[in-house]
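**Student:** Pasting a structure below so you can have a look.
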Amino acid sequence: MMKKGIYKSVFFDASHRLMNYEGKCRRLHGHRWKVEIWCDGEMNSATGIIVDYNQIRDVVERFDHQVLLNEKDPLAECLSRFQPVITTAGDPSSEAIAILIHDMLEYELIKSGANARITKIRVWESSTCCAEIEYESV
């Protein structure tokens, strides 16, 4: 059996802060984030596509020019009066953002009927630092 997969990278600009972290990242700051996503699955018989690259891009771009904060961060409530805020259950680390993007994209794949799964996600917050989450085969 032949394994078929795709890869897509997407960039976005967003700010975050890690309120439970001791150091500079405790302050609100921004990054040029890079997200890399690997999927495998079956090709759609009509289109020959496993996952539409635009579908991946559209999910990741929801983060572009947003503020990412811990849902318990007092800044989230204050800032949300003036603009949208994306919140995470804990601090919005690269790892937490990878999981959030996975969950959002997985929902969209199921909704679209794609017979595909996300196998790996990398979220880069700089050119030298990234979080990687790899999902086990079922």
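**Student:** Within the stretch 90-101, track down each residue that is acidic (Asp, Glu) and either exposed (fewer than 13 other Cβ atoms within 10 Å of the Cβ) or in contact (Cβ under 8 Å) with a residue 60 or more places away in the chain (or both). Lay out the reasoning, then the answer.
**Tutor:** So in the stretch 90-101, the residues acidic (Asp, Glu) come out as 91, 95.
Asp91, the sole residue that qualifies.
**Student:** So, one more: I need every pair where a residue in the stretch 109-138 that is in contact (Cβ under 8 Å) with a residue 12 or more places away in the chain has its Cβ under 9 Å from the Cβ of a residue that is among the aromatic types (Phe, Trp, Tyr) and part of a loop (DSSP other than H, G, I, E, B), sequence separation at least 6 or different chains.
**Tutor:** Qualifying pairs under 9 Å: Arg117/Tyr135; Ile118/Tyr135; Thr119/Tyr135; Lys120/Tyr135; Ile121/Tyr135.
**Student:** Looking only at the stretch 1-24, count every residue that is over 19 Å from Gln55 (Cα atoms) and outside any helix (DSSP H, G or I) and tell me the total.
**Tutor:** At the first step, the residues of the stretch 1-24 found to be over 19 Å from Gln55 (Cα atoms) are 1-3, 14-24.
Cutting the leftovers down to outside any helix (DSSP H, G or I) gives us 1-3, 14-23.
Residues in the stretch 1-24 being over 19 Å from Gln55 (Cα atoms) and outside any helix (DSSP H, G or I): 13 in total.
**Student:** Tell me which of these Ala98 doesn't satisfy, since it passes every other one: (1) assigned to a helix (DSSP H, G or I); (2) modelled with pLDDT under 95.
**Tutor:** Answer for Ala98: the failing condition is (2).
**Student:** I want to confirm something. Restricting to the stretch 1-38 and keeping residues that are of a type in the set (S, T, N, Q) and without any contact (Cβ under 8 Å) to a residue 60 or more places away in the chain, which single residue is farthest from Asn115 (Cα to Cα)? Walk me through it before giving the result.
**Tutor:** Step one: of the stretch 1-38, the residues of a type in the set (S, T, N, Q) are 9, 15, 20.
Within this subset, residues satisfying the condition of being without any contact (Cβ under 8 Å) to a residue 60 or more places away in the chain are 9, 15.
Details: Ser9: 20, Ser15: 34 Å.
Among those residues, the one meeting the criterion is Ser15.
**Student:** Tell me, please, whether a residue that is touching a Cys at 6+ places or on another chain (Cβ under 9 Å), at pLDDT below 95, surrounded by 11 or more Cβ atoms within 10 Å (Cβ to Cβ) and not in a strand (DSSP E or B) can be found in the stretch 114-129.
**Tutor:** Yes - at least one qualifying residue is present in the stretch 114-129.
The values are calculated or read from the model by the stated rules, or taken from the named source; none is laboratory data. Keep in mind it's a predicted model, so treat the numbers as computed, not measured. Here Cβ is always computed from backbone atoms with ideal geometry, including for glycine, and neighbour counts include all displayed protein chains.
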